[in-house]
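> To start, I am sharing the structure in question, which I have written as structure tokens.
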Amino acid sequence: MKFTDIFVYRPVLASVVSLLIFILGVRAFIDLEVRQYPKTQNTVVTITTAYPGASSELVKGFITTPLQQAIAEADGIDFLSATSTAGVSVIEANMRLNYDPKAAIAEIQAKVASRINVLPETSQNPVIDSTTGDSTALMYLALYSREMDLPQITDYALRVIQPQLQALQGVAKAQLLGNKTFAMRIWLDPARMAALGVTGDDVTRVLRANNYLSGVGKLKGDLVQIDLSATTDVSRAEDFRRLVIRSEADTLVRLDDIARVELGAADYDSTTLYKGNPAIFIAVEQTPGANPLDVAKRVRDLLPKLQADFPQGLKVFVPYDASEFIEASIREVFKTLAEAVLVVLLVIFLSLGSLRAALVPAVGVPLSIVGVGFLMLLMGFSINLLTLLAMVLAIGLVVDDAIVVVENVHRHLEMGKSNVQAAVDAARELALPIIAMTTTLVAVYAPIGFMGGLVGTLFTEFAFTLAGAVLVSGVVALTLSPMLSALVLRPGGEQTRFELRVEHVFESLARGYRAMLHGWLRFPSLTLLVALVVIGAIYAMYSMTQKELAPTEDQSILFFMATAPQTATIDYDVHYIKEMFPIFESIPEHTDSFIVAGFGGDQSNTFGGFKITPATERARGQDAILPELQGKLAQITGLNTVVFPLPSLPTPGNGIPVDFVIVSDRDYKELDGLVDKLLGAAMASGKFMFLSKDVKLERPRSVLEVDRDLAGAMGISMAELGASLAGMLNEDYVNWFSLEGRSYKVIPQVEQRFRNAAADLKDYYIRTSAGEQVPLSTLVKIRNEVEPSKRTQFQQLNSITVSGVQAPGVPLGEALAYLEEQAKAIFPQGVRFDFKGESRQFKSEGTALEVTFFLSILIIYLVLAAQFESWRDPFVILMSVPLSIAGAMAFLFLGFATINIYTQVGLITLIGLVTKNGILIVEFSNQLRAREGLDKREAVERASTIRLRPILMTTVSMLVAMVPLLIASGPGAVSRFDIGLVIVTGLGIGTLFTLFVVPAFYMLLSPAVHRAPGLATELPPAAER
């Protein structure tokens, strides 16, 4: 008794096995997490160090450089980038994909701590933060009120809203943007200070001495203890105003005499707008590994409870919620999955002509899809866009096994056998071919599962889900399908009129096919010539086809970055930002907008989002709206604006697709000249819609050249001079004050109207050692110069990054290739280039699947060789693979899609799909030669004719299963279309090649005398081996 006989003779056992698969699968799907993509850990550790008042050159030399040298020693860093601006150093350590974020932070903290002692005394301690996942937050909340000012909204958000958001499970951070935290602002008047003999250093010293937080201890007796506190600190604005700055005779100079004191905001260098109205944003970020759908739901559930306690007039809006696109995408894929199942079952019914026969695959297909859920749970996978896409593809694969079994049982019934005997004989014939097809498909996807990088991380779950579904399908085909066929199929000769018509159609096809094949096999050498020509065309088509990492999906939102001149202030930004809102309203698809001016601490940078109606509710696609928005925003003369879509894949960086980094140890002036030449050539090429450089040599700087001899004669030290100027100009906080249980900064600074230009410095006075006040102009001369807008570094070398968006129709690969070509022609020795963000992903991941493709072919060849005990048969089977690849490549070459990770995975899938058909022909040819002694031509003609029906049925089933992918709309439709296009075109053409090319190569390569029985259960005698 063979293994498959057990399940035919014991139908209850077969049913129990299938029911267990179904129950475990359903239970697993209940427990599986739902997310957009498989879990990835793309961590960026940011080290921010403030050095108030320091120039970018000083920050780079004394903050950024020593910290970078230490941080570079940490393990797991992909690359380091740093930005030194006036008063702030920002270093970003981009960790390798899936490197443990906790380990990264711990090691970097230790490295930073080792350099604290070499940092300037007046610099603040480095602040270390980390972001894991997308650079864009999961949600943005906008707080807006006509009755509360922004500092009041900020304070309420800090005290009430932020703590409750951060307490939610799965929320990593609830970060305030446009933060207007309360601060005690001491607005100094330099003229009144000079008149009353007060310097900036005096103000700083008094604030530190008289706003003192003291912990005085407690009283303790034998039986009683009493806590003590002292009012050595100052909390109210009126108390700050009464602070005595200096006294002379009977005269007291108070702070109120030389300054305007108010409870204001700590930051006036940024502002945020929601639909043109000042607002405070809260960016909600999820923890690594958290389910974004669950996190977003918890936030939305919390909002009504928060609103119930809001002060009068305060409102909250949600201008951006990434979970909406994720949820819509998953809903669309579920819809596609259901459509594919129904269409495939309909095709099976039409192909078999019998509802009874269609019942077998109708049970087997859903059972295989549900059963794979248990394997997904065991492997720690989630329900995401890629695993769902794998299930859609699996429908066309798993139905093959059921069709082959039903068709073979049906064939044996026509021989006059009983139902049980027909099922037993059919299952015995197909046991090893099904095992071969199953292991072959599993082998195809195994290399993807063991890839590294982003592609490997994303597609491991895709590959193993698909392989798991095929594996479950193989089990179902060997256990349930034969038993079910024996129960439901009619005995031979008992056919309905419709079944007879279907039989007649397939018999006519078989006769016509055999006649064509018989003529074709007269010239097998011609087949070889055609195959060589087609295979040779693959490389040409591949090299000329457009390439990108992933197609751009319509996510119903566009982002924009606007750059102002380096002299710009927030008021300048807002003046031109106001011109954007009429432009937004002129685009009919517009629904929401949000803008952050002074983004990233740079008043010349503005970041914003332009929300549009969902894709299913508008006629135009996002790609049609983008050029219109870009063109209109480009007309705003005071800003240089670029519009870009949200990346389709998890991507570090700012979201702009082109990030081309020029790196050298040369100075910025020389680098800037080279970059300008590159930009000129690139924009002239027409391949780019927008390009800009992140460093511009146009930032004005006034250098105060001190007459040291004169200062020495007056008894003024450089420390006193620097401290006095810093106390009036650098906006550093002196200490903290308490307000309702929270601490806030105390910031003295000359009021803006007294520091509009360098000429205002003449009204500043410095005290000599004799106690006299002398004008600053006596001691210093002002020299104006231009410096880099910021000093950026990449891997500790000076760098300038060219960022932008390629022109419509130009893929990222073509754009980057052009920049590389021009850079090699323009840059001298010692100047090189590198990549960041999405561009870096493309360069590192773009060719990863090419190697995997060839590895899959090699592995499948070895698996087939082991199964067939032959080196020739696998070669014959695989000959149709490159021909089917050529068919798919032709459509990519014609521009229907690009070469991206989805189309490449589709090409790998083709290997298994086409190979399955070849296995059926070669194995049945071998069986006929072994059992009936036929010559190889007669055997391959009969085998091909016998297997024509299951080959056509399985091929058509797979093709129609892909139709929902080809006609998909809504979120994620582009990716589904790309992979569906490759499979439909490649499988359709590949099947045609299989039916004619495989038999021809069998004629050419198979030995004249067949010795090995292929996938037989018994090995030949040792003497024959």
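Nothing in this text is a laboratory measurement; each read-out follows from the coordinates by a stated rule. Note that this is a predicted model, so its numbers are computed, not measured. With ideal geometry, Cβ positions are generated from the backbone for all residues, glycine too; neighbour counts draw on all protein chains shown.
> How big is the gap, in Å, between the Cα center of segment 948-967 and the Cα center of segment 408-449?
First find each Cα centre; the distance between them is then 19 Å.
> How many angstrom separate the Cα center of segment 899-925 from the Cα center of segment 583-632?
If you average the Cα positions of each part, the centres end up 43 Å apart.
> Can you tell me the length gained on complete extension of the stretch residue 260 to residue 616, counting 0.36 nm per residue apart and subtracting the Cα distance?
Working: separation 356, 0.36 × 356 = 128.16 nm, distance 5.60 nm.
Additional length available on full extension: 122.6 nm.
> Same structure again: Could you tell me the calculated FRET efficiency between residue 683 and residue 760, based on Cβ-Cβ distance and R0 = 35 angstrom, to the nearest 0.05?
0.30
> Take the alpha-carbon positions of the chain, form their convex hull, and give its projected area averaged over all directions (one quarter of the hull surface) in nm².
54.9
> Students often forget the sequence filter, so: which lysines lie under 20 Å Cα-Cα from residue 693 once same-chain residues fewer than 8 apart are removed?
Reachable lysines: 60, 669, 677, 790, 824, 836.
> Give me the extension gain from residue 19 to residue 785: residue separation times 0.36 nm, minus the current Cα-Cα distance, reported in nm with one decimal. Intermediate results must be reported in sequence, preceding the final value.
Details: separation 766, 0.36 × 766 = 275.76 nm, distance 8.02 nm.
Extra length from residue 19 to residue 785 when fully extended: 267.7 nm.
> What distance in nm separates the two pseudo spin-label positions at residue 209 and residue 707, each 7 Å out from Cα along the beta-carbon direction?
Using points 7 Å along Cα→Cβ, the separation is 3.1 nm.
> So what J values fall out for segment 982-987 if you push phi through Karplus, 6.51 cos²θ - 1.76 cosθ + 1.60 with θ = phi - 60°, rounded to Hz, Gly and Pro as x?
Here the 3J(HN,Hα) series is 4, 5, 5, 5, x, 6 Hz.
> Can you work out the FRET efficiency for the pair residue 57 and residue 159, with r the C-beta to C-beta distance and R0 = 41 Å, to the nearest 0.05?
0.55
> Starting from the Cα of residue 225, step 7 Å along the direction of its Cβ; do the same at residue 932; then give the gap between the two resulting points in nm.
Placing both labels 7 Å beyond Cα along the Cβ direction yields 10.1 nm.
> Using 0.36 nm per residue of separation minus the Cα-Cα distance, give me the extension gain between residue 504 and residue 242 in nm, one decimal. Intermediate results must be reported in sequence, preceding the final value.
Working: separation 262, 0.36 × 262 = 94.32 nm, distance 10.54 nm.
Residue separation times 0.36 nm, minus the Cα-Cα distance, leaves 83.8 nm.
> When the Karplus curve 6.51 cos²θ - 1.76 cosθ + 1.60 is applied with θ = phi - 60°, which whole-Hz ³J(HN,Hα) does each residue of segment 791-797 get, with x for Gly and Pro?
Per-residue couplings from phi come out as 10, 9, 9, 10, 6, 6, 10 Hz.
> Something else now. Pull up all non-local amide H partners of residue 262: gap of 5 or more, or a different chain, and H-to-H distance under 5 Å with H placed in the peptide plane.
Placed amide hydrogens put 185, 187 under 5 Å from residue 262.
> So, by mean Cβ neighbours within 10 angstrom, what's the order for 398-410, 594-606, 11-23 with the highest one leading? Please list the in-between numbers first.
Values: 398-410: 28.2, 594-606: 21.8, 11-23: 15.5.
Put in order of decreasing packing, that is 398-410, 594-606, 11-23.
> Which angle between 0 and 90 degrees, to the nearest 10, do you get for helix 524-544 versus the longest principal axis of the chain when only C-alpha atoms count?
Result, in degrees: 10.
> Return the sequence-ordered ³J(HN,Hα) values of segment 413-430 in whole Hz as given by the Karplus equation 6.51 cos²θ - 1.76 cosθ + 1.60 applied to θ = phi - 60°, using x for Gly and Pro.
Couplings: 5, 5, 7, x, 7, 6, 4, 5, 5, 4, 5, 5, 5, 5, 5, 4, 5, 9 Hz.
> Sorted by average packing, counted as other Cβ atoms within 10 angstrom per residue and highest first, what order do 326-332, 211-217, 468-474 take?
Details: 326-332: 19.6, 211-217: 12.0, 468-474: 25.4.
By packing density, highest mean first, the sequence is 468-474, 326-332, 211-217.
> When 543, 789 are ordered from fewest to most other Cβ atoms inside 10 Å of their Cβ, what list results?
By the 10 Å Cβ count, ascending, the order reads 543, 789.
> Give a quick list of trypsin sites (Lys or Arg not before Pro) in segment 1-48 that DSSP marks as loop, anything other than H, G, I, E or B, with at most 13 other Cβ atoms within 10 Å.
Those satisfying the criteria are 2.
> Rounded to whole Å, give me the distance from the Cα center of segment 773-838 to that of segment 28-51.
30
> Suppose R0 equals 56 Å. What FRET efficiency, 1/(1 + (r/R0)^6) with r the Cβ-Cβ distance, do residue 334 and residue 752 give to the nearest 0.05?
Result of the calculation: an efficiency of 0.45.
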